[in-house]
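Colleague: This structure is in structure tokens; I'll ask about it shortly.
Please treat every number below as a calculation from the coordinates, not as lab data. Everything quoted here is computed from the prediction, not taken from an experiment. Note that we place each Cβ from the backbone using ideal geometry, even for glycine, and neighbour counts take in every protein chain shown.
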Amino acid sequence: MQKSEPFLRQVLARYISENNFMIERGEFGKPYLRDFPELHFNVSHSGEKLLIAISFEQAVGIDIEKTKPRKSFAGLVKKCFATSEQNYWFDLPENEKLSVFYDFWTRKESVVKGIGRGIALGLNRCEIDINQPNNFLKLPISENWHTQSLKISPDYCAAIATRRVNATLKFCSL
């Protein structure tokens, strides 16, 4: 987050109408503002893109990934996807595997970041409902989380996670 921190501070200052604040980190690295506990935010960057999610209503998580082919996809799927997700992914035609991998990955990452535990929570323990990918069949916590895919550009995949099913999203740029 170091490279993005000046921009993050600029964005947060617009929401709290203050420039002098400390960004702190939770036990697992999730950033927060101690003096503004009602403000929830999350940050993700990949390649040339940076996303910031902000909410006054609830915890929020966000993830963005530059989509690029990798030789390690099968290994990551076996390690980080639940059994039903693995079966689904391995049965896909080759030309769909890249986009589905990143769609599932960003959804899982946005949830574990929103919860505040990151991948230590266990991505394979967060099972996406393949028929309704905005929802999870299983999470290793008692809360329900929902995701929305974000269309950023053709070579990026992103998702935002909230606890509310139909959270209102608003996008802005500086």
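Colleague: Which order do peptides 100-108, 125-133, 85-93 fall in by mean Cβ count within 10 Å, highest first?
Modeller: 100-108, 125-133, 85-93
Colleague: What does the charge dipole of the chain about its Cα centre add up to, to the nearest 20 debye, if the Cβ of each Lys and Arg holds +1 and the Cβ of each Asp and Glu holds -1?
Modeller: About 280 debye.
Colleague: Still on this model: Amide H neighbours of residue 137 under 5 Å, counting only residues 5+ apart in sequence or on other chains, H built in-plane at 1.01 Å?
Modeller: 127, 128, 129
Colleague: Turning to a different aspect of this structure: Holding the Cα-Cα limit at 21 Å, pick out from 30/78; 49/71; 78/138; 78/151; 49/97; 30/79 the pairs that are longer than that.
Modeller: 30/78; 49/71; 78/151; 49/97; 30/79
Colleague: While we're looking at this one, here's another question. Can you check how the C-alpha radius of gyration of the range 1-74 compares to 2.2 N^0.38 Å, as a plain ratio?
Modeller: 1.25
Colleague: Between beta-carbons, use under 12 Å as the cut-off and find the net charge around residue 103, counting Lys and Arg +1, Asp and Glu -1.
Modeller: Details: positive: 97, 107, 108, 151; negative: 63, 65, 85, 96, 109.
Combined, the nearby Lys, Arg, Asp and Glu give -1.
Colleague: Let me ask something else. Can you work out the Karplus-derived ³J(HN,Hα) for every residue in the range 39-55? Use 6.51 cos²θ - 1.76 cosθ + 1.60 with θ = phi - 60°, whole Hz, and x for glycine or proline.
Modeller: Going residue by residue, I get 9, 10, 8, 8, 10, 8, 9, 7, x, 9, 10, 9, 10, 10, 10, 9, 8 Hz, with x marking Gly and Pro.
Colleague: Enumerate the helices in the chain for which the Kyte-Doolittle hydropathy averages -1.0 or more and the C-alpha atoms extend at least 24 Å along the helix's axis, using complete DSSP H runs.
Modeller: 94-115
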